[in-house]
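The block underneath contains the structure these notes are about, expressed in structure tokens.
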Amino acid sequence: MHEWALAEAVISTAVEFAEKTGFEHITEIEISIGELQQIEEDPFLFALEEMLKEKSKPVDKNTKITLEKENAILKCKSCKHEWDYLNALNELDEEKVESIHFVPEVSHAFIKCPKCNSPDFEITNGRGVWINNIIGK
Amino acid sequence: MDPRPGIIKERLKSIKQTIAVSGGKGGIGKSVTSTVLSLVLADAGYKTGLLDLDFCGASTQTILGAKNTFPKEENGAVPITINGVKFMSITCFTQETATPMRGTDITNAITELLAITLWGDLDFLVIDMPPGLGDTLLDTINLMKSNFLVMTTPSKTTVEIAKKHIEVLRQSNAQIIGVLENMSRGEPSASRELAEKFDIPFIGQINFDPKLEDAVGNAEKLLETRFAKEIKSRVAKTLKSL
Ligand SMILES: Nc1ncnc2c1ncn2[C@@H]1O[C@H](COP(=O)(O)OP(=O)(O)OP(=O)(O)O)[C@@H](O)[C@H]1O
Ligand SMILES: [Mg+2]
Ligand SMILES: [Zn+2]
């Protein structure tokens, strides 16, 4: 459950953002979660809500969290082929998926371009946790 | 917006001192020095961690002889302890598999590791740095407040590269602990002159230890080497007096 650690990162970034922008209250944090990291949505959301309950302004229990999933797209640097991580996911054993869950770049050890077999690919989309927007007043 | 940098300070706040073993040149003993230094500090009773940031040439796990290093997943990644040293490396996740990475991947992986690793209270976090002035060095300077131990050898090319290394550290306002010469031949040292030129401490010389290779892969044996004794008397002492 290292979703907790990432949730803490989101909250502290939102607080820092409020300090910088002068927002008194953050009303909404829009987060996208990239498929590559295989974040478990429920525990992640639970962690965020638990933390918000304990906080007072600029973030508190009234801060709304929205989560949106993003497909993970990989692009081969050698032959330019693009593919969806979900296609590769079926072929990976649990331990490898777990490793990528901790550090998505570890995928370079376990995934190869399905066209040319190169390990030199770029994660163009859907790597991990990203804050799309912080709304406040 | 990347949420991860926002939590790194919090993750590192219970670490009293971070020591990045660098130097610029490849193959000069950064990995054996950082690994043995962490073992020596742990052996002396200090709470110590070892972080391998040389993703493309990770070797501290081989030097330690570490197996089954996958961290425990709690409210983050809790490092496994090996001979008293909390250990974190990309190899904890990739095991024996090669992991080619480009610059952005390296930055992302460093950021991720720093954001999720729960080190707890540490007296020392020792970092094994890759050679070069690339992404890892710049990220280490930007993401964490490290003190750099600049390694050299008696070779002219090594000293020349170390000089550039020091220049970059200086321009970035990074703290430098001092210059440490490895594989010394006991002659008057260009490394000492380098340290004097930049007005940074010359920590001393470490001799070539023909028995070191034999101890690689065995932490207890490593602690018994002359190399370890020299690291202890030169480096560990300097750190304590800081
Ligand atoms: N003082 C020494 N005595 C004997 N052998 C040494 C000594 N210092 C380093 N070595 C050996 O030299 C080799 C290179 O050392 P090491 O891998 O630590 O260098 P490095 O600077 O980390 O290299 P890289 O830049 O590739 O990461 C290793 O085989 C190591 O055991
Ligand atoms: Mg090395
Ligand atoms: Zn390809």
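Among what's in the range B:1-49 and is β-branched (Val, Ile, Thr) and in contact with a strand residue (DSSP E or B) (Cβ under 7 Å, 6 or more places away or on another chain), pick the residue that is farthest from ligand 2 (Cβ to nearest atom). Outline the logic, then answer.
Initial filter on the range B:1-49 (β-branched (Val, Ile, Thr)): B:7-8, B:15, B:18-19, B:21, B:28, B:32-33, B:35-36, B:40, B:48.
So of that shortlist, the ones also in contact with a strand residue (DSSP E or B) (Cβ under 7 Å, 6 or more places away or on another chain) come out as B:15, B:18-19, B:21, B:28, B:33, B:35, B:48.
Working: B:15: 22, B:18: 18, B:19: 15, B:21: 9, B:28: 9, B:33: 9, B:35: 9, B:48: 18 Å.
My answer is B:15.
Residue B:77 meets each of the listed conditions (1) facing another protein chain (nearest Cβ under 7 Å); (2) modelled with pLDDT under 95 apart from (2).
Are any residues in the range A:83-108 more than 20 Å from residue B:114 (Cβ to Cβ) and within 14 Å of another protein chain (Cβ to nearest Cβ), and if so, which ones?
Initially, the range A:83-108 is screened for residues more than 20 Å from residue B:114 (Cβ to Cβ), giving A:83-97.
Answer for the range A:83-108, where residues must be more than 20 Å from residue B:114 (Cβ to Cβ) and within 14 Å of another protein chain (Cβ to nearest Cβ): A:92, A:93, A:94, A:95, A:96, A:97.
Is there any pair with a first residue in the range B:19-34 that is farther than 14 Å from residue B:213 by Cα and modelled with pLDDT under 95 and a second that is within 16 Å of ligand 3 (Cβ to nearest atom) and open to solvent by 20 Å² or more (accessible area, probe 1.4 Å) whose Cβ atoms are under 9 Å apart and which are 6 or more apart or on different chains, and what are they? Going by the 9 Å Cβ cut-off, there are no qualifying pairs. Criterion first (in contact (Cβ under 8 Å) with a residue 60 or more places away in the chain, at negative phi, open to solvent by less than 30 Å² (accessible area, probe 1.4 Å) and out of contact with any Lys or Arg (no Cβ under 8 Å at 6 or more places or on another chain)) does residue B:90 satisfy it? No. With respect to residue B:110, determine if the residue is in a helix (DSSP H, G or I), within 9 Å of another protein chain (Cβ to nearest Cβ), touching a helix residue (DSSP H, G or I) at 6+ places or on another chain (Cβ under 7 Å) and within 19 Å of residue B:31 (Cα to Cα). For residue B:110, the condition - in a helix (DSSP H, G or I), within 9 Å of another protein chain (Cβ to nearest Cβ), touching a helix residue (DSSP H, G or I) at 6+ places or on another chain (Cβ under 7 Å) and within 19 Å of residue B:31 (Cα to Cα) - is not met. Residues considered: B:12, B:39, B:53. Of these, the only one that is within 16 Å of ligand 1 (Cβ to nearest atom) and either more than 9 Å from the chain's Cα centre (by Cα) or more than 14 Å from every other protein chain (Cβ to nearest Cβ) (or both) is B:39. Restricted to the range A:24-44, and to residues there that are more than 10 Å from the chain's Cα centre (by Cα) and part of a strand (DSSP E or B), the residue that is nearest to residue A:109 (Cα to Cα) is A:30. Under the condition of being touching a helix residue (DSSP H, G or I) at 6+ places or on another chain (Cβ under 7 Å), free of Cβ contacts under 8 Å to residues at least 24 places away in the same chain and either open to solvent by 20 Å² or more (accessible area, probe 1.4 Å) or more than 13 Å from every other protein chain (Cβ to nearest Cβ) (or both), the residues counted in the range B:93-107 number 2. Taken over the range A:47-88, the criterion of being without any contact (Cβ under 8 Å) to a residue 12 or more places away in the chain and either crowded, with 16+ Cβ neighbours inside 10 Å or within 16 Å of ligand 3 (Cβ to nearest atom) (or both) is satisfied by A:80 alone. Only one entry of A:61, A:80, A:69 meets the criterion of being in a strand (DSSP E or B) and more than 14 Å from chain B (Cβ to nearest Cβ), and that entry is A:69.
Against the numbered list (1) within 20 Å of the chain's Cα centre (by Cα); (2) exposed (fewer than 14 other Cβ atoms within 10 Å of the Cβ); (3) within 17 Å of residue B:154 (Cα to Cα); (4) of a type outside the set (A, V, I, L, M, F, W, C), residue B:233 comes up short only at (3).
The values are calculated or read from the model by the stated rules, or taken from the named source; none is laboratory data. A quick note: this is a predicted structure, and the numbers were derived from the prediction, not measured. Note: ideal-geometry Cβ built from the backbone for every residue, glycine included; neighbour counts use all protein chains shown. Ligands, DNA and RNA are stripped out before the accessible areas are found, and what is left, the full protein with its side chains, is counted by its heavy atoms. Shrake-Rupley method; radii C 1.70, N 1.55, O 1.52, S 1.80 Å.
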